[in-house]
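The values are calculated or read from the model by the stated rules, or taken from the named source; none is laboratory data. Since we're looking at a predicted model, the values are computed, not measured. Note: ideal-geometry Cβ built from the backbone for every residue, glycine included; neighbour counts use all protein chains shown. Just the protein is used for accessible areas: all its heavy atoms, side chains included, with ligands, DNA and RNA removed. Shrake-Rupley method; radii C 1.70, N 1.55, O 1.52, S 1.80 Å.
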Amino acid sequence: MHCPKCGDDESKVIESRDADDSIRRRRECLKCGNRYTTYERLERPNLTVVKRDKRRELFDRDKLKRAVYQSVGKFLNGEIEVEEIVNHVEESMYSLGELEIASKQIGDAVMSELARRNEVAYIRFASVYREFKNADEFVQTLKELRQKDDDAPAAA
């Protein structure tokens, strides 16, 4: 790791902490004394996403993050909540144990996360994801969401 101030590659770790899906390290440059933070992330095998038209591309968490933020970001509590959603979706995709996943599985996982967080964000995302053609499709999706809420066990 190179110091962002002087570029030297000699540093010592002052503190390490587990972050959500990474390790946060505070470092100090041995040459200039500058302190900076690095994040280490577990390297996983690449997931291949099979698109609707059967094209294949590598899973890109940044692309997913941009898509979620762009479509429903203003209905959530900022970038932190979008990051949490992406983390949960990515984790659920890796937990499937497959190297190839359908784009539909990713969309369904995002929908599941949104359903628990914000009804308007869920409907808005669903309108693009499911390619609604008319208002009846909005109403039907809203009914399904509310039915799931009614069927969910009450919290004690």
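Exactly one residue among K31, K12 is touching a residue at least 12 places away in the same chain (Cβ under 8 Å), open to solvent by 70 Å² or more (accessible area, probe 1.4 Å), assigned to a strand (DSSP E or B) and not hydroxyl-bearing (S, T, Y), and that residue is K12. When region 15-28 is filtered for residues that are within 18 Å of E83 (Cα to Cα) and either open to solvent by less than 100 Å² (accessible area, probe 1.4 Å) or outside any loop (DSSP other than H, G, I, E, B) (or both), the ones remaining, listed by number, are D18, A19, D21, S22, I23, R24. Residues of region 87-107 that are part of a strand (DSSP E or B) and surrounded by fewer than 15 Cβ atoms within 10 Å (Cβ to Cβ): E100, A102. Looking only at region 49-81, filter to residues that are part of a loop (DSSP other than H, G, I, E, B) and not acidic (D, E); which one of those is surrounded by the fewest Cβ atoms within 10 Å (Cβ to Cβ)? Among them, the one singled out is K54. Kindly indicate whether D62 is more than 26 Å from S22 (Cβ to Cβ) and among the charged types (D, E, K, R). The answer is no for D62.
Restricting K65, K31 to residues that are at pLDDT 90 or above and within 23 Å of E131 (Cα to Cα) narrows the list to K65. Checking the stated criteria, V110 turns out not to satisfy the condition of being over 27 Å from L47 (Cα atoms) and open to solvent by less than 90 Å² (accessible area, probe 1.4 Å). Do we find a residue being open to solvent by 70 Å² or more (accessible area, probe 1.4 Å), in contact with a helix residue (DSSP H, G or I) (Cβ under 8 Å, 6 or more places away or on another chain) and over 30 Å from L58 (Cβ atoms) anywhere in region 122-131? No, every residue in region 122-131 fails to be open to solvent by 70 Å² or more (accessible area, probe 1.4 Å), in contact with a helix residue (DSSP H, G or I) (Cβ under 8 Å, 6 or more places away or on another chain) and over 30 Å from L58 (Cβ atoms). Of note, E84 does not satisfy the criterion of being closer than 30 Å to V128 by Cα, open to solvent by less than 70 Å² (accessible area, probe 1.4 Å) and either modelled with pLDDT of 90 or more or of a type outside the set (D, E) (or both).
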